[in-house]
Structures are given as C-alpha cells and as structure tokens.
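S.K.: Could you have a look at this structure, given as structure tokens, before my questions?
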Amino acid sequence: MTSICLVRHGETDWNVMGKIQGRTDIPLNAKGILQAKECGEFLKGTNWDVIISSPLKRAKQTAEIINTYLHIPLEEMDEFVERHFGKAEGMTLEERMTAYPDKQYPNQEEILSVEKRVKIGINKIHEKYKDGKVLLVAHGAVINTILSLFSDGELGYGKTNLVNACISNIEYFQEKWKVKDYNQISHLSQYRNNEKG
C-alpha cells in the first residue's frame, strides 16, 4: 500500500494578512518556521522513504526543516506548485471581493489544469515509490485538489479550510486512492494551547 502524507506549508506573512499567494514566492515567517519544526518533531517517529516538495520557497523551507528531523532524500516536483491565481495574487479577501466578486480572477489557472497536473504528480509518486511512505509538502489549493479527487468531491476546494502546517493522509488501497484523514492539527502547539484555555 502506497501512503502519502500531505503537509501544508507553514505560515507566511501573507497568510496572516489574508493575501492570496499562488505562485508568488513568499518565505515562511517565524511562526511558520516553528510550525515546520513541530511537524518534524511529530513525524520523526515514523519511517518515511522520501520528502517531495513544491518548488516554491514556503513549501521548500517547510520540507527542509522537517527533514532536519528525518534525514531522508528530498526532491522537488513541479506538479505540486501552487495554483496560479492570476491578478488576484497579493490581494486580501476584501480586495478580491471588491475587484472580482464572481471569483473569476484574470489569468487564473483553471481548476481542471490543477487537477490534471496533480494527478500526473500522484501517479509519478505511486510508480516510483510503490508501497512506500511519502511526505508531500505542498499548498492549500493543491492539497484541497487532491482531497477532492480522492473523496469524490466530498472534501476539498471550497469545502475544507486547511490550516497552515496541517497534515492529511491518502492511501492507495484495493486499486484506488482514498483519504484516510485530513486537516490534522494536534501536533501544532497553537491549537494544543487553545484547547487548554
């Protein structure tokens, strides 16, 4: 059984400001670095074969920090780069709603294009790491696309609000991919502390 653990990148300043990032290459902020460390601490007790990352800085930094705990091969795959949101990139939610109330952003990558490249990427992972355990560090829209594809649309874009540095898991079992769990946050101290208060 091939298992893929999907990790959303840690927080960036644009996440805090509510700005849509897309392909804009924004680094992690201090909280994002801490979140990546907490992911690494959580994942280190399990055997992983490889970490695969989106080529964007926020995902690569998250993957590299996690790998300081795991010491396994790290690869980049372009198939998991974030969706391009066109002219909406760098805008806050309020700015986007004012400029594009129909959410049709000029020059935005079509969702079918995202689905196609993500499927290609997942198939490549499955072929190369059949029956392996893979960590995939990517982005909100990419992970939501994966969740949607393998939950028959029950989860995913517009339905699942993925937290920075959350963990979701998919498995290839009985000739198909299925979602095992999603948006797991118990490893993140910001949520553990909130539960106590």
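S.K.: Being at pLDDT below 95 and of a type in the set (A, V, I, L, M, F, W, C) narrows it down to one of PHE173, PHE85, PHE150, so name that one.
M.R.: Numbers: PHE85 fails: at pLDDT below 95; PHE150 fails: at pLDDT below 95.
Criteria check complete, one pass: PHE173.
Matching residues to (1) touching a Phe, Trp or Tyr at 6+ places or on another chain (Cβ under 7 Å); (2) farther than 16 Å from GLN190 by Cβ; (3) crowded, with 16+ Cβ neighbours inside 10 Å:
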{"position": "GLY10", "(1), (2), (3)": "no, no, yes"}
{"position": "VAL16", "(1), (2), (3)": "no, no, no"}
{"position": "ASP25", "(1), (2), (3)": "no, yes, no"}
{"position": "ALA30", "(1), (2), (3)": "no, no, no"}
{"position": "LEU34", "(1), (2), (3)": "no, no, yes"}
{"position": "ASN47", "(1), (2), (3)": "no, yes, no"}
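S.K.: Looking only at the range 69-82, decide whether some residue is of a type outside the set (S, T, N, Q), over 22 Å from GLY156 (Cα atoms), within 13 Å of the chain's Cα centre (by Cα) and not in a loop (DSSP other than H, G, I, E, B). Please lay out each step first, then the result.
M.R.: First, the residues of the range 69-82 that are of a type outside the set (S, T, N, Q): 69-82.
Then drop every residue that is not over 22 Å from GLY156 (Cα atoms), which leaves 69-76.
Keeping just the survivors that are within 13 Å of the chain's Cα centre (by Cα) gives none.
No, because not a single residue in the range 69-82 is of a type outside the set (S, T, N, Q), over 22 Å from GLY156 (Cα atoms), within 13 Å of the chain's Cα centre (by Cα) and not in a loop (DSSP other than H, G, I, E, B).
S.K.: Look through GLU127, GLU109 and report the one residue that is out of contact with any helix residue (DSSP H, G or I) (no Cβ under 7 Å at 6 or more places or on another chain), among the acidic types (Asp, Glu) and in a helix (DSSP H, G or I).
M.R.: Values: GLU109 fails: in a helix (DSSP H, G or I).
Criteria check complete, one pass: GLU127.
S.K.: Now for a separate question. With respect to THR68, determine if the residue is in contact with a helix residue (DSSP H, G or I) (Cβ under 9 Å, 6 or more places away or on another chain), surrounded by fewer than 18 Cβ atoms within 10 Å (Cβ to Cβ) and of a type outside the set (A, V, I, L, M). Walk me through it before giving the result.
M.R.: On the way: in contact with a helix residue (DSSP H, G or I) (Cβ under 9 Å, 6 or more places away or on another chain): yes; surrounded by fewer than 18 Cβ atoms within 10 Å (Cβ to Cβ): yes; of a type outside the set (A, V, I, L, M): yes.
So THR68 fits the description; yes.
S.K.: Now a separate question. Note down all Cβ pairs under 7 Å where the first residue falls in the range 1-26 and is modelled with pLDDT under 95, the second is surrounded by fewer than 20 Cβ atoms within 10 Å (Cβ to Cβ), and they're at least six residues apart or on different chains.
M.R.: MET1/ASP131; MET1/GLU171; MET1/TYR172; MET1/PHE173
S.K.: Now for a different question. Restricting to the range 7-30, give me the number of residues that are out of contact with any helix residue (DSSP H, G or I) (no Cβ under 8 Å at 6 or more places or on another chain) and of a type in the set (D, E, K, R).
M.R.: Of the residues in the range 7-30, 3 are out of contact with any helix residue (DSSP H, G or I) (no Cβ under 8 Å at 6 or more places or on another chain) and of a type in the set (D, E, K, R).
S.K.: Looking only at the range 144-186, which residues are part of a strand (DSSP E or B), hydroxyl-bearing (Ser, Thr, Tyr) and over 28 Å from VAL16 (Cα atoms)? Spell out how you get there, then give the answer.
M.R.: We begin by selecting, within the range 144-186, every residue part of a strand (DSSP E or B); these are 167-173, 176-184.
Still in the running and hydroxyl-bearing (Ser, Thr, Tyr): 168, 172, 182.
Listed by number, the list holds a single entry, TYR172.
S.K.: Suppose we filter the range 95-151 for residues that are in contact with a Leu (Cβ under 7 Å, 6 or more places away or on another chain) and polar (S, T, N, Q); how many remain?
M.R.: So the count comes out to 2.
S.K.: Please determine, by comparing only the residues of the range 40-62 that are in a helix (DSSP H, G or I), of a type in the set (A, V, I, L, M, F, W, C) and in contact with a helix residue (DSSP H, G or I) (Cβ under 8 Å, 6 or more places away or on another chain), which one is farthest from VAL16 (Cα to Cα). Lay out the reasoning, then the answer.
M.R.: Of the range 40-62, the ones in a helix (DSSP H, G or I) are 40-43, 57-62.
When the remaining residues are screened for being of a type in the set (A, V, I, L, M, F, W, C), the result is 42-43, 59.
Adding the requirement that they be in contact with a helix residue (DSSP H, G or I) (Cβ under 8 Å, 6 or more places away or on another chain) leaves 43, 59.
Working: LEU43: 25, ALA59: 16 Å.
Step by step, filter the range 40-62, then rank; the result is LEU43.
The values are calculated or read from the model by the stated rules, or taken from the named source; none is laboratory data. Since this is a predicted model, take the numbers as computed values, not measurements. Neighbour counts run over all protein chains shown; Cβ positions are idealised from the backbone, glycine included.
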